[in-house]
Every structure is written in C-alpha cells, then in structure tokens.
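See below for the structure under consideration.
The values are calculated or read from the model by the stated rules, or taken from the named source; none is laboratory data. Note that this is a predicted model, so its numbers are computed, not measured. Cβ placement follows ideal geometry from the backbone for every residue including glycine, while neighbour counts extend to all protein chains displayed. We work out accessible area using only protein heavy atoms, side chains counted, and drop any ligands, DNA or RNA first. Shrake-Rupley method; radii C 1.70, N 1.55, O 1.52, S 1.80 Å.
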There are 2 protein chains.
Amino acid sequence: MKYGHKAVAGAMLALPFLNAEGKQKPNIIFFLVDDYGWPESSVPFGEEVYPRNLEFRTPNMERLAAKGVMLTQAYACPVSTPTRASIMSGMNAVHAGITNWVSMAKDEPSDATGGKSGSVVYEELESDIFRRPEWNYNGLCPDGPLSEGVNDVQIATPMVRLLREAGYYTIHVGKAHWSSAGTPGSSPYNMGFLINVAGSNAGLPRSYQGMDNFGNKDDLWNMAAVQNMTEYYGHEIFLTEALTREALKTLDWPVEHGQPFYLYMSHYATHTPVQKDPRFFDEYKRMGLDNGRSRFSSMVAGVDKSLGDIMDWLDEKGIADNTIIIFMSDNGGNADVKAKGGELHTACAPLREGKGSCYQGGIRVPMMVYWPGKTAAGTRVNTPVMPEDLFPTILEMGGVKNVRTVQEVDGKSIVPLVTKGSRMAEKAARTGQIASQRDANRFVVPENVSGIDPGRELVFHYPHQWKVDYKSEVDFLSTIICGDWKLVYVMMNTVPGQKVQDGVPFELYNIKEDLGETRNVAAQYPEKVEELARRLGARLRAWNAPMPVLRSSGRAVPYPDELL
Amino acid sequence: MKYGHKAVAGAMLALPFLNAEGKQKPNIIFFLVDDYGWPESSVPFGEEVYPRNLEFRTPNMERLAAKGVMLTQAYACPVSTPTRASIMSGMNAVHAGITNWVSMAKDEPSDATGGKSGSVVYEELESDIFRRPEWNYNGLCPDGPLSEGVNDVQIATPMVRLLREAGYYTIHVGKAHWSSAGTPGSSPYNMGFLINVAGSNAGLPRSYQGMDNFGNKDDLWNMAAVQNMTEYYGHEIFLTEALTREALKTLDWPVEHGQPFYLYMSHYATHTPVQKDPRFFDEYKRMGLDNGRSRFSSMVAGVDKSLGDIMDWLDEKGIADNTIIIFMSDNGGNADVKAKGGELHTACAPLREGKGSCYQGGIRVPMMVYWPGKTAAGTRVNTPVMPEDLFPTILEMGGVKNVRTVQEVDGKSIVPLVTKGSRMAEKAARTGQIASQRDANRFVVPENVSGIDPGRELVFHYPHQWKVDYKSEVDFLSTIICGDWKLVYVMMNTVPGQKVQDGVPFELYNIKEDLGETRNVAAQYPEKVEELARRLGARLRAWNAPMPVLRSSGRAVPYPDELL
C-alpha cells in the first residue's frame, strides 16, 4: 500500500462491493474492549494459564480463539485515546503527539492542574515536580475543511473515511473518544462513519445501568451520559447488552443490500465505573471471588456475551464465512481501582502494573483475528503488533489500495502475519515444532513471510501523571521494545534527589525470560542499555515527543540519549 | 393503497431503487418546523398579506412556494407529539389516543399534577376542576418484538420502516419526540431510520446555542440536551445551522450509491426557548420589531436559510429534479410565550389563539409540496389536509404499494391533490377563473380529481390543560370542521357554574367567511350545531377518545352528542 497525497482509485468507486477478484468484499467487525487486561480472560494469552485467567469464563472469546489466530504479543498505548487515534490515523501515538486521554471539553488538557472536563473539575493531575508537557490534548482531527483553524490536534485522513469511500457501510457503536467536544473529531460522522450510536467525546459512561439512564441524571456528569440510548432508560439492562442490540439493528440494511460493512463495536466496558452486571455477578461470587473481582468479571462476561451474540447473528444470517472479526483491548487492564477488588496492582498479573503504565501490564493486550478461509484456526503468533498497524491492516482487508493520506503512516499491515503466518504456525504444530502452549507463544513468523521485522522498535511514551496520586510505576515513563529486550526510561530518576524504583533512569528487561519485569538487568548489559536509549531518544526526537518540564529548572526532561 | 396484515411486495425488494416505470425513485425531504404558525412567514398562506406576514423575510420559503403547491388549509394537531405520531402512523391522533405531548420519562404523564419529566418537575398541569383523562401518555410504539409489554402507547407499523423496507435510505435529523424515554418509540432507529442525528425523547432543546453546548450543561435539564452534536460545543453556532450541516453530511452516501433517500429534517426551531439567532436578529430590530418579535423572526430566518441551503445542495448535486420537498409545521405558532414579544395571543393573527388551542391559530399550519414535474409551480389549493394524510402520501410518493399495517390508517393520500389538483389550479389561473390571491385561496379541487372529499370531517381534541394557568381559549376544547363549518366544543361550559368564552358548550363558526372565529353563529344555526355535535360525538366515541373527569362528580365530560 502506498501513502501520499489523497486520491482514491477510480475502480473502487465503479465496483465498490467487490474485491479485485470480483468477489464480495469481506465484512469487518472491529470488536474493541476498553481497559481490558491481557490475562483477564479464560483465553490464556500467555505461555501458561495464570491464576488471573481462572477468574474469568469467556466461552465466546474461546470460540473466537479456536476459529482464528491469537496475537500473543499485541500492544496498545498505556491509555485509551492514544490507541484509538493510532488505529484511526495509522500513526504511532507519540508521532501524533497524542500521549494521553483527551478531556471532554476543548482546550482543557486532561493533565492540567485544576483541569476540568466540561462541568467536571478534575483533581490536580499535574505533579509538584513536573509541569505538564505540550501535547495534542484536543486529540485527533479529520483532514478537510472542518479541520481549518482547529488547534492542538493531530490532523489525519481517517481510516474509516477511506473505507467508506471504497464502498464500506461504516457503523460506529459505543465509545469514540478521539477528541474533545468542540472539535470535529468528537463526532464519528466526521471520521467517516455513516452511522453513529452512542459515540461522542466521552471516554467513559457515567453509569452502565439502564436504571440510571446510563448516567443521564441530574448531576454534574451529564457530558458522560451515553447518547442515543433513551429507549433503555429506566430498564434493568447493562450498557454492554444495550449497545450490542443497537449494533445488530444497524446491520440489516447492508446485509440486505449486499453492501460490505465495517462495524466498529467499541464497548465502554470494562472501563470504570466498575459495576455489577447482574446477569453474571453471582456466578463469580460462587467461585469465591470478592465483590470487586466478581463485579469486574461480570462486566467481562457481558462483553463475552456480546461477542457471542454477534457471532451467532452472523451465523444466522449466513454471512459468518465472509466476515472478519478483530478483537482487541485499547490498553492494559486497570490495576489501580479499588472497585475492581483483589489487591491493587495485581489485576494484570503476571504482568507488571496496568493501565497508564509503560510496564507490560499497561500496554500488552489481548488480540485475536479471525478471517474465514485466510487465518488458520486455533493458532498463535508472537510477532509484536502495534495499534497503528490496524490502519493499513483494515484497509488491506477491505481491498482499499493506493490511498493517500495527509499524515505519514507508521503502521505495517499484519495481513500477511495473520494469514500466511498463522498457516505457518499451524504447520509447525502439525509437524511437532510446536509442542506446547509455551512453544506456541514463542513462535515468531519470519520477516520474509510476515513483512514485519519481529525485532522492530516499539515505542510507548507517557509523560503525564495519570491519577491524582503520583505512581512511580505508572507516571512519567517511556519505553522501547526491540525483540526480547525492553528499556524503561524512568523520567523521575533524572531529577536530582529523586529515586524511584531501582533509582536509575534506565531499566532493562528481557521480556521473553522475565515477563513480569522483575529483574532489571541494566547493570549487566550496559551496551544494550546504551543502544536502546539511543534508539528511543532518536525516535522521540524525530517525533518531537512531548516531554514534561522540571519545575525547579524550567527545563524539559532530557531525551534518553542525552543522558549517555 | 391497501392496508391489512403486514407484507411487502416482493418486487419492491428485487428492484428497490426503481419505481414501477423503471425510473429512479424520487428522494423525499420532509422539512418539519416546530411551533411555527400559519402567518409567520413572508409567504402568505392567507387570502391576503397580513401584518404578521410582514414581520418575516423568508426568501427560501418563497422560492419553494414558487416551485411547488401551497396547501392553504393544512392542519396539524394542537401540540407536537400528536402530529408527529399521526404522520408516522397514519392514524388520527385522537384515534391513536395520543392527544398531548409526551413527557421525557416513561409513565410520567405530562398532564399529571406534580408530573415530572426525568429530573424536571413540572408545575401542576392538572386543573382544579378536571382530573386528567386516560390517554397514551407514553406515545407511539413501533410494532414487532420490541413492543411486547410496553404500556400506555399506541402500537403501529411505522411509515419510515415501510419506506426503508422498500429500499429508501432513511435519515432522521433533529427532533423526534414520538414517545417517552424508556419506550422503543423514543429511538428513531426503531421507527425505521437508518441514521439518527439528535433525535430522542426530548421535545425541545434546552438551548439553541453552541456556546451552551445545546443545553448540555450542569443543570437539571440534561434530558433535553441535544445529542450527537458535541463537535459544536463551545462554538458560536445556532442549532438550526448545526443540524442542517449534519443533515447534508448524511446525504453523500445515498447519492453516491444511487439509493433514494428519505430525509426527515425535523428542526427543533422554532420551539421555545425563544432565542436570538445572531445572524438575523439585527435585521428585525432595524425593521422596528421589539426584542421578542426580533428574536423569534431571527429563529424563523435561520430555518429559512436551512431550507435554502438544502435546496442549493440539491441543485449542486444535480438531484433537485428528482427530489420531493414537503414543508410543514407540527402545530400552530406559540401565542402564549412572553419571550416571543409583541402582545400575547396575537402571534397567529388573524387566526385566533395559537399552539395548544383548537381554534385555528393552534391547528392551521403552513404547508407546501414540491414534486418536480408533478406539482404545478406557484399554485394554491384549499382542500383541507390532515397530518395523518402524510403517511399514505409519502408511501405513495415512494412507490410503496400493498403494505400492511397493524393499525387502521385514517389518512388519505394527497398525491392526486398536489399533482392533478395543482395542475387544475394552474389551468384555472390561466383561464382567468382564479384572478386574485383570495380566489386562489378558495380554490377547492373536486373529489373526483383529488380523491378527497373537501367537506370530510376533521377532528381535533385537546382534553388537557396545556400550561399551569388555565386558558379558556386553549384548554379542554374539541373541534370538528366540515367544509366551511366548524364546531368548537368548550368542555368547561359543561360544568355547572362555569362560563367561559360565550358561556355555551357549542360554538359555531363559518371559517370561510370568518377566518378569525370572531362570530359564534351557533344560535343562528341550531341544526348545523346539532349535526356537527352528533358527528363529533360519534367520532370521539368510535375512537374511545380520552375525556377529562369532573372532580366534583367523578364523571367523565360527556361526548358532545350527549348534550343534545
């Protein structure tokens, strides 16, 4: 696929519903879960089944895993908006300057001291030590006339508009959260969706309960009340279920008219507020989980049912064989919310920390792809996948070629990885090369097959304070992963007198051998540290990455290679 | 057209975009204005230009009038929801039992003492003399599985779903207000729309100003905040303009794909709150209008611009020649709101009273139809038209035949009236039969051409108290119109000791000779009174019309023929 100045191939317009071979283009369902951690499923994405996996029953995710390919080393950004903007633009979130979630209202940075979002005043999110960096705190903005005069955004040609121009019937259901109210990106209609149900500037629902009108009550949070759902007000229904029903309603038209559809089924669950889905709660209590863990597992079970209901619907309509399903989470599981029960900081175990963090708990996410006839059933590949890869991937799935974009696209299509790569994994299992789940999780597709260098640089950068209380394991971290090696840049340790974690600015982990990032081996491998610090610095500098500013000196935190 | 048990002709599904002659089906735009009175336009719908007409400049309505046919005696119900439900169901609103506007939340009748709508507690709307009647206060509900167990609604096969099933790409933009939150009818998606922008249970916006987030502020009214419009929050834009832009965005897809569309452009304007549209306000101040009148005229000018923008867009896309435009108001102008300026009760002059009333000011509304190649340009017909006529009319325009509905449809298609009838009017003008606006406004198309008896019974019924202060000219009135004769049933005058208006239960007017209903001639024509009272009574009884209950006796107000 080539990117450059915007143009759409004429042939696409002439026969919009057919691919190059004259066949009906596949439908694509992107099933995105919010704040959903890598081990928070009965589908084990790891080399073994962890205790955390046992706290969930997700038969429909198991069903999808059995049909498709599991991407056991998929990454997202530490928080929601960067991942979503990355998928929509194909840019690395740091490159896009969207390194944090966007607040509900324009020009009110979510990381500002005394920042507020519409009528809601946040706690002080800026730290005593660092001033907030400059970043695109208004989020992503679609290119074109609407983008004129819109500030503090990344302008991009949105992936969904390209799909629509190529003949896809594009549907948005659920959470949007690409940008703040008052900017064009807050409306899915401007991103290329023909239909929008419930998507807005809101990053979370005020409530998942129909009895609470999904938050449309007389309190200050009305900007986070879920829209377009009035029919369920006052009913005993969980938002996940209601959104699923709305999604299925929208699919009749394209199916009846032979139009390929793109359904962005973007659940608000499992974001806070962690609330009981009464259909499933008791089951988890009976399993012995505490109230919080049971609440969260019930929310996950609701998401799992949604996936199953959609798969059942595809079967009933006879279109399952021509429908791709992509399953993913937008960042790691939230490990720092009391309502989720259990011990804090353990929700993503064996991964370290969770949402907001550049440790694996914050960025490693569950992901599966099922493309009937193209992906090999029940396989796993361990090649790292980034959120920006979804942009070229979905366009390739939709047969969209020679598109031009105003932005430089960083992602690489994973189509070869999930098709040829998964078939290679299947063969390896057949021939005994893969003998265990551990082997499967270490199966890396060679670059000449996948088109992706398994050791490519993966960069994540969180120059913000996520919550009101500074968390050294979450805030002000950057990381670069290259193959098995991972460098964590602890910005706080560049400040005189500060010592967090191991007290050094650079931590080095071998994530293949030390999944939990428990053994910092920086002292043993100074050359690897230097190599990765240089590469991380070069990337951040090339992307003009936002850096926090030290209050005492008025200077920005140095790029990591400046410390060498 | 035949109605019976539901079925759609197979041929429609096979060639959904073509009509019986193999031509592309026409696009249909229903441009509905809210609370917009008969004389509140520079297009004069009367026999002469009234002073009130001079307070408006509506060049685009003039442009539409010059292209199409004006229906100079079109009627709506006294308030919003009944008209909207009637259009969607084809039922007379009394027949449907939907005689008042629906409140925002389910099971909270808008006319109950201490009634509330979601978080907003209304003033006491029930009178001291009458208890509220039983009516379908939850509004209209689409038939099918969703309607199971839904109470206090009229269940109907919605017109828009029939259009969609016949291949129309159906779009809702603006105000919905068919039913209360918590019932299926509050979602345009359940009525058959593929797309919904901004339609919900809300009957008015809390604000028209983008700077107010269209009402999405931290106060109690968040259920009336307009949805799907976050991109405009904090911008200097009037809701009418924003909705028009959103509507035009939705039209690209059907036009590009050769699909006929139905656009329900349902403006919240000119409903309260009466707010200044700053683009037009000064012009009216300079004309010498007071602040209130200027505010209201500026809102009307915004609606007129919306109509013009849509017509321009159709021209630019080259589809104006195949697009029908229907222009209408959902009830009479509001004559009882101080913010509208001028003297109270005069907004609809020369008509008597306004919104809520069964006098002409409440029910006679502006209406125009333009069907390129079918309607004769610049013509007027005076045959009465009812809101329920829109159901069979729009289906006939869309070539939808042999549909079956769960409800009994009361309306008659006005297609012959606006096509053959308007051409007959054109010929009459050419041959000198019509020599003046007065002649034109008295031109009635004979039944053998229009298929509509010009003297058919038109029934309106408002057994409620509209506002907190009882208004004898508004509340507890019924009426029947047959040709030139109109009987008004003043329910309050059935109560011992009460005497309002002329003190009698029956008033009789000749609305052809006495448009302003200033001369009650009941005493001169007792046989006409008796005839019309019998006919009104028979209708109300057949439809099981809700009647208020006299508190002192516990008995319902008698049907009018019971008084004879």
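Would you confirm whether or not segment B:34-46 contains a residue that is buried (at least 21 other Cβ atoms within 10 Å of the Cβ) and outside any loop (DSSP other than H, G, I, E, B)?
Scanning segment B:34-46, I find no residue that is buried (at least 21 other Cβ atoms within 10 Å of the Cβ) and outside any loop (DSSP other than H, G, I, E, B), so the answer is no.
Could you list all residues from segment A:372-404 that are open to solvent by less than 30 Å² (accessible area, probe 1.4 Å) and farther than 28 Å from A:C482 by Cα?
Once the filter is applied, which keeps residues that are open to solvent by less than 30 Å² (accessible area, probe 1.4 Å) and farther than 28 Å from A:C482 by Cα, segment A:372-404 yields A:P372, A:G398, A:G399, A:V400, A:V403.
Has segment A:176-198 got at least one residue that is assigned to a helix (DSSP H, G or I), of a type outside the set (V, I, T) and open to solvent by 30 Å² or more (accessible area, probe 1.4 Å)?
No, segment A:176-198 contains no residue that is assigned to a helix (DSSP H, G or I), of a type outside the set (V, I, T) and open to solvent by 30 Å² or more (accessible area, probe 1.4 Å).
Look at A:K338 and say whether it is touching a residue at least 24 places away in the same chain (Cβ under 8 Å) and open to solvent by 20 Å² or more (accessible area, probe 1.4 Å).
Yes: the conditions hold for A:K338.
Among the residues of segment A:232-257 satisfying the criterion of being at the interface with another protein chain (Cβ under 7 Å from one of its Cβ atoms), in contact (Cβ under 8 Å) with a residue 24 or more places away in the chain and in a loop (DSSP other than H, G, I, E, B), which is surrounded by the fewest Cβ atoms within 10 Å (Cβ to Cβ)?
That would be A:H235.
Taking the criterion of being open to solvent by less than 10 Å² (accessible area, probe 1.4 Å), modelled with pLDDT of 95 or more and assigned to a strand (DSSP E or B), would at least one residue in segment B:151-158 satisfy it?
Yes.
Taking B:E473, is it touching a residue at least 24 places away in the same chain (Cβ under 8 Å) and either at negative phi or not polar (S, T, N, Q) (or both)?
When the stated conditions are applied, B:E473 passes them.
Looking only at segment B:181-192, count every residue that is under 19 Å from the mean Cα position of the chain (by Cα) and more than 7 Å from chain A (Cβ to nearest Cβ) and tell me the total.
So the count comes out to 3.
Tell me, yes or no, whether segment B:314-331 has at least one residue that is of a type outside the set (A, V, I, L, M), under 24 Å from B:Y75 (Cα atoms) and in contact with a Lys or Arg (Cβ under 8 Å, 6 or more places away or on another chain).
yes
Evaluate the following for B:A538: is it at pLDDT 95 or above, assigned to a loop (DSSP other than H, G, I, E, B), open to solvent by 20 Å² or more (accessible area, probe 1.4 Å) and not acidic (D, E)?
no
Is segment A:457-477 home to any residue that is modelled with pLDDT of 95 or more, part of a helix (DSSP H, G or I), out of contact with any Cys (no Cβ under 8 Å at 6 or more places or on another chain) and of a type in the set (V, I, T)?
Scanning segment A:457-477 turns up no residue that is modelled with pLDDT of 95 or more, part of a helix (DSSP H, G or I), out of contact with any Cys (no Cβ under 8 Å at 6 or more places or on another chain) and of a type in the set (V, I, T).
Out of segment A:159-170, which residues are open to solvent by less than 10 Å² (accessible area, probe 1.4 Å) and more than 10 Å from chain B (Cβ to nearest Cβ)?
Matches in segment A:159-170: A:M159, A:V160, A:L162, A:L163, A:A166, A:Y168.
I need a count of the residues in segment A:258-300 that are open to solvent by less than 20 Å² (accessible area, probe 1.4 Å), among the hydroxyl-bearing types (S, T, Y) and in a loop (DSSP other than H, G, I, E, B).
2
Of the residues that sit in segment B:91-132 and are outside any loop (DSSP other than H, G, I, E, B) and either β-branched (V, I, T) or modelled with pLDDT under 80 (or both), which one is surrounded by the fewest Cβ atoms within 10 Å (Cβ to Cβ)?
This residue is B:V121.
From the list A:F476, A:F506, A:F460, which one is in contact with a helix residue (DSSP H, G or I) (Cβ under 6 Å, 6 or more places away or on another chain) and within 28 Å of A:L71 (Cβ to Cβ)?
None of the other options fit; the residue is A:F460.
For segment A:301-326, enumerate the residues that are of a type in the set (D, E, K, R) and either part of a loop (DSSP other than H, G, I, E, B) or without any contact (Cβ under 8 Å) to a residue 24 or more places away in the chain (or both).
A:D312, A:D315, A:E316
B:Q433 versus (1) open to solvent by 10 Å² or more (accessible area, probe 1.4 Å); (2) under 26 Å from B:I28 (Cα atoms); (3) not hydrophobic (A, V, I, L, M, F, W, C): which is the lone unmet condition?
Going through the list (1) open to solvent by 10 Å² or more (accessible area, probe 1.4 Å); (2) under 26 Å from B:I28 (Cα atoms); (3) not hydrophobic (A, V, I, L, M, F, W, C), B:Q433 breaks only (2).
Is it true that B:A198 is more than 7 Å from chain A (Cβ to nearest Cβ), in contact (Cβ under 8 Å) with a residue 12 or more places away in the chain and closer than 17 Å to B:V33 by Cα?
yes
Is it true that some residue in segment A:476-496 is surrounded by 15 or more Cβ atoms within 10 Å (Cβ to Cβ), within 25 Å of the chain's Cα centre (by Cα), within 19 Å of A:N100 (Cβ to Cβ) and polar (S, T, N, Q)?
There is at least one residue in segment A:476-496 that is surrounded by 15 or more Cβ atoms within 10 Å (Cβ to Cβ), within 25 Å of the chain's Cα centre (by Cα), within 19 Å of A:N100 (Cβ to Cβ) and polar (S, T, N, Q).
Which ones in segment B:515-537 are free of Cβ contacts under 8 Å to residues at least 24 places away in the same chain and over 30 Å from B:Y50 (Cβ atoms)?
Residues satisfying the conditions are B:P526, B:E527, B:E531.
Taking B:K217 as the residue in question, decide whether it is among the basic types (K, R) and crowded, with 24+ Cβ neighbours inside 10 Å.
Considered against the rule, which asks whether it is among the basic types (K, R) and crowded, with 24+ Cβ neighbours inside 10 Å, B:K217 comes out as no.
What is the one condition in (1) in a loop (DSSP other than H, G, I, E, B); (2) without any contact (Cβ under 8 Å) to a residue 60 or more places away in the chain; (3) in contact with a Gly (Cβ under 9 Å, 6 or more places away or on another chain) that B:K512 does not satisfy?
Of (1) in a loop (DSSP other than H, G, I, E, B); (2) without any contact (Cβ under 8 Å) to a residue 60 or more places away in the chain; (3) in contact with a Gly (Cβ under 9 Å, 6 or more places away or on another chain), only one is false for B:K512: (2).
Hey, B:D212 hits all of (1) within 11 Å of chain A (Cβ to nearest Cβ); (2) open to solvent by 20 Å² or more (accessible area, probe 1.4 Å); (3) more than 24 Å from the chain's Cα centre (by Cα); (4) not aliphatic (A, V, I, L, M) but one; which does it fall short on?
Against the list (1) within 11 Å of chain A (Cβ to nearest Cβ); (2) open to solvent by 20 Å² or more (accessible area, probe 1.4 Å); (3) more than 24 Å from the chain's Cα centre (by Cα); (4) not aliphatic (A, V, I, L, M), B:D212 comes up short only on (1).
Out of (1) within 12 Å of chain B (Cβ to nearest Cβ); (2) at pLDDT below 95; (3) touching a His at 6+ places or on another chain (Cβ under 9 Å); (4) part of a loop (DSSP other than H, G, I, E, B), what's the single condition that is false for A:L204?
Of (1) within 12 Å of chain B (Cβ to nearest Cβ); (2) at pLDDT below 95; (3) touching a His at 6+ places or on another chain (Cβ under 9 Å); (4) part of a loop (DSSP other than H, G, I, E, B), only one is false for A:L204: (1).
So which pairs qualify, if the first residue must be in segment A:216-231 and facing another protein chain (nearest Cβ under 7 Å), the second must be at pLDDT below 70 and in a loop (DSSP other than H, G, I, E, B), the Cβ gap must be under 6 Å, and the two must be at least 6 apart or on different chains?
Once the first residue is facing another protein chain (nearest Cβ under 7 Å) and sits in segment A:216-231, its partners that are at pLDDT below 70 and in a loop (DSSP other than H, G, I, E, B) give A:D218/B:S119; A:D218/B:L220; A:L220/A:S119; A:L220/B:D218; A:M223/A:G118.
For residues that are in contact (Cβ under 8 Å) with a residue 60 or more places away in the chain and either more than 26 Å from A:V49 (Cβ to Cβ) or open to solvent by less than 30 Å² (accessible area, probe 1.4 Å) (or both), tally how many sit in segment A:436-458.
Number of matching residues: 9.
What is the residue count in segment B:80-98 for residues that are polar (S, T, N, Q) and touching a helix residue (DSSP H, G or I) at 6+ places or on another chain (Cβ under 6 Å)?
Matching residues across segment B:80-98 total 3.
Looking at segment B:71-90 only, could you name the residues that are part of a loop (DSSP other than H, G, I, E, B) and either farther than 17 Å from B:I480 by Cα or small (G, A, S) (or both)?
Listed by number, the residues that qualify are B:T72, B:A76, B:G90.
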